[in-house]
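Undergrad: Shown below is the structure under consideration.
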Amino acid sequence: MAAPSCTAAGSGSPGDAVHRTGDAIGVAEAVAVRAPRRTATAWRSLAEAAHDRCRAAGAELLLNRDIALAAELGCGVHLGSEQLAMLQERPLPADVPVGASCHALAELEAAQSLGCDFAVVGPLRDTATHPGAPSLGWDGFVRLREQVGLPIYAIGGLGPEDIAEARRQGAQGIAAIRSLWPAPL
């Protein structure tokens, strides 16, 4: 599977998140949905609604960290870095997208070994999502990218204005939430 062009929907009301998922379709080949503060019922409702919208539009959907629900819905999953060490094999069939968040070489190697289709590497800069986490900067990103053969997206404090630089540094592109959604969800 080719690495997708991705965007993300976050943690507002289910209606807001599904509406934004709909907005993302058409500008991205895949939509990654992440909603860490939702109840299990609200998460399932959001995932099902996003799945329906993505399927109708011909876009891939990746659910953040929820392998079981992704398998049930027949959509992709975006693995958290903590999940990589716990898995012995690719969690979904080869024709279903699997991505991974990585912050270090060992995580990238695990993602590659599992057969992930792509990785998101960062944070490149300071970010509210990972307060206090050390930033890689472009030099750190390049050092990691050069050691694996996976398609890699840069993340962490980046916005659309960083896409050209990300490409120059060997990234497929960027992944972002806050810089792409003007108002908090």
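Undergrad: Is there a residue being open to solvent by less than 60 Å² (accessible area, probe 1.4 Å), on the phi > 0 side of the Ramachandran plot and in a loop (DSSP other than H, G, I, E, B) anywhere in segment 149-160?
TA: Scanning segment 149-160, I find at least one residue that is open to solvent by less than 60 Å² (accessible area, probe 1.4 Å), on the phi > 0 side of the Ramachandran plot and in a loop (DSSP other than H, G, I, E, B), so the answer is yes.
Undergrad: Test V77 against the criterion of being under 18 Å from I155 (Cα atoms) and among the β-branched types (V, I, T), and give yes or no.
TA: Taking the combined requirement at face value, the residue satisfies it.
Undergrad: Being in contact (Cβ under 8 Å) with a residue 24 or more places away in the chain, open to solvent by 20 Å² or more (accessible area, probe 1.4 Å) and either among the charged types (D, E, K, R) or more than 22 Å from H78 (Cα to Cα) (or both) is true for just one of R167, R143, R125. Which residue is that?
TA: R125
Undergrad: Sticking with this one: Could we say that L84 is open to solvent by less than 60 Å² (accessible area, probe 1.4 Å), over 19 Å from I174 (Cα atoms) and of a type in the set (A, V, I, L, M) here?
TA: For L84, the condition - open to solvent by less than 60 Å² (accessible area, probe 1.4 Å), over 19 Å from I174 (Cα atoms) and of a type in the set (A, V, I, L, M) - is met.
Undergrad: Given the conditions (1) closer than 24 Å to D66 by Cα; (2) at pLDDT 95 or above; (3) within 17 Å of the chain's Cα centre (by Cα), report the number of the one that A166 does not fulfil.
TA: Result: A166 fails condition (1) only.
Undergrad: Taking A57 as the residue in question, decide whether it is more than 18 Å from the chain's Cα centre (by Cα) and open to solvent by less than 70 Å² (accessible area, probe 1.4 Å).
TA: When the stated conditions are applied, A57 passes them.
Undergrad: Here is a follow-up. Only one of L73, L69, L92 is of a type outside the set (K, R) and within 27 Å of L144 (Cβ to Cβ). Can you tell me which?
TA: Within the list L73, L69, L92, the selection yields L92.
The values are calculated or read from the model by the stated rules, or taken from the named source; none is laboratory data. The structure presented is a predicted model; accordingly, all values stated were derived computationally and were not measured. Glycine gets a Cβ as well: all are built from the backbone with ideal geometry, and neighbour counts include every protein chain shown. For accessibility, only protein heavy atoms count, side chains too; no ligands or nucleic acids. Shrake-Rupley method; radii C 1.70, N 1.55, O 1.52, S 1.80 Å.
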